[in-house]
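Colleague: Mind having a look at this structure? Questions to follow.
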Amino acid sequence: MNPLIREVVTTVGLEKPARHIYRTLRAKGLTPWAPLVPEEAFSACVRQAVETLQELDPPEALGDYLEFGVSRGSSMACTYRILRSAGLRHMRLIGFDSFEGLPPEAEREGWAAGDFHSSYEATRRYLKRRRVDLDRVMLVKGWFKDTLTEKTRQDFQIGTASLIMVDCDIYSASKDVLNFCEPHIRRQAVVMFDDWGDREEKDEIGQKEAFAEFLADHPDLAAEPMPAYSPQARVFLVRRLPEGTERHSLKRAFESVPDPISLPKPAPGRAPTYHRVSDRNSYPHRLRQLLLQRNVVTAVSVAALAGMIAIGLYTQEALVELLGEYWGRNNKFGDLTTN
C-alpha cells in the first residue's frame, strides 16, 4: 500500500478495511506485482538444472516441471521460457496452489494466513501476458491436503518429474509435497527450495527439516547440492540410488553450499537490463503514475472505499467488480480483465 495512503487511512481509523481492499485488489491482479523470485538468477539456475539433467539423460526422457506454491506465476513464467529455449516442448508445467494464499494453519509455523494470495484468474492473465503457452500449463487449485492425492496423479497422468519447485514456505506443506513427489523421481530430478532455513533464526522448523526427514525416510535417494539463485534458496540434484549402494552423509550434503549462480556482467558502459512485468501501457504502470501525480486524491478515495466496507455498504467482492466496471467503461486504465 502506498505510504501516504496508509498514513491517511490510519489517521481516520480505517487502516484495517483499507488493507482488506488493497489485498483483495492485489489478489485479483488489479495492483502492481513484484516478482517473488530474482528472475534473472532464477532463470540461470533453471538453465543450469536443465543442462545437468540433459547430461544424464536424453532430452526426450525428461519429465514434467512440478511447482508447489505458484502465487502469481513469476517462477513458472521463467521456467517456461528456459524450457522453450532448450527445445523441451514436451515438458508440461504443473502448478499446485490454493490461489487463496497460505492456509490458516500457517500461523502456527510463523507465517501469516493469506500471504501471497493471487487468484486463479489473475495468475492465468499474468502467465498469458508473459507469453506462456497455457496449453502446456496445468494449474491445480486447492489446498494440498485435497490435491496431493492419488486421484490427482491419475487425472493429470503425472509420470516422471524432472524439475520440482518447492515454494510453499511452511514445514508441513513442504513435507507433504516431497512425499507426493517421491514416486515421480525416477532416476534423478532437480529439486529447488525457495525458503530454505528461513525459520532457523526464529528457532522454528521449515523446509530444511522437511527435506532432512524426507531423505531419512527414503535411503534410496541421495542429494547433491547445486548452485542456488538466492541466499535463502537451496537446490539439489536428487538421485535414485541402485539397490545396495551406500549413500553419502546427509550432513555433508546439507552443509556444503556451492557458490551462488553467477550472472554475466553487463557490457562496459551499459547498465544491466531486467525484465519488467508490465510495459508503459499496462494497468500497473499507469496506476503508479496516478499515485505519483495524485497521492492525496487517491488516499482520500481509498479512505472513502474503506468506509463503504466498514459500514457495510459494499462487500469487498462487490467493490472489486464495481471498480473494474468503472475503470473499464471510462477507459481510465484499460481493460482490467486482460492485463
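Colleague: Go through 43, 85, 74 for me and flag whichever is polar (S, T, N, Q) and over 23 Å from residue 195 (Cβ atoms).
Modeller: 85
Colleague: Please specify each residue of the stretch 183-204 satisfying the condition of being modelled with pLDDT under 70, under 22 Å from the mean Cα position of the chain (by Cα) and not in a loop (DSSP other than H, G, I, E, B).
Modeller: The one that is modelled with pLDDT under 70, under 22 Å from the mean Cα position of the chain (by Cα) and not in a loop (DSSP other than H, G, I, E, B): 200.
Colleague: For the stretch 72-92: of the residues being hydroxyl-bearing (Ser, Thr, Tyr) and in contact with an Asp or Glu (Cβ under 7 Å, 6 or more places away or on another chain), which is modelled with the highest pLDDT?
Modeller: The extreme case among them is 75.
Colleague: Under the condition of being touching a residue at least 60 places away in the same chain (Cβ under 8 Å) and β-branched (Val, Ile, Thr), which residue from the stretch 176-193 is surrounded by the most Cβ atoms within 10 Å (Cβ to Cβ)?
Modeller: Per the criteria, the residue is 177.
Colleague: Only one of (1) surrounded by 15 or more Cβ atoms within 10 Å (Cβ to Cβ); (2) under 27 Å from residue 209 (Cβ atoms); (3) modelled with pLDDT of 90 or more fails for residue 103. Which number is that?
Modeller: (3)
Colleague: Find the residue count for the stretch 117-132, including only residues that are of a type outside the set (D, E, K, R) and free of Cβ contacts under 8 Å to residues at least 24 places away in the same chain.
Modeller: Going through the stretch 117-132 one residue at a time, the tally reaches 1.
Colleague: For the stretch 145-169, how many residues meet the condition of being more than 15 Å from the chain's Cα centre (by Cα), more than 25 Å from residue 88 (Cα to Cα) and either crowded, with 16+ Cβ neighbours inside 10 Å or not basic (Lys, Arg) (or both)?
Modeller: Result for the stretch 145-169: 5.
The values are calculated or read from the model by the stated rules, or taken from the named source; none is laboratory data. No experiment lies behind these values; they were computed from the predicted model shown. Virtual Cβ from ideal backbone geometry, glycine too; neighbours counted across all protein chains shown.
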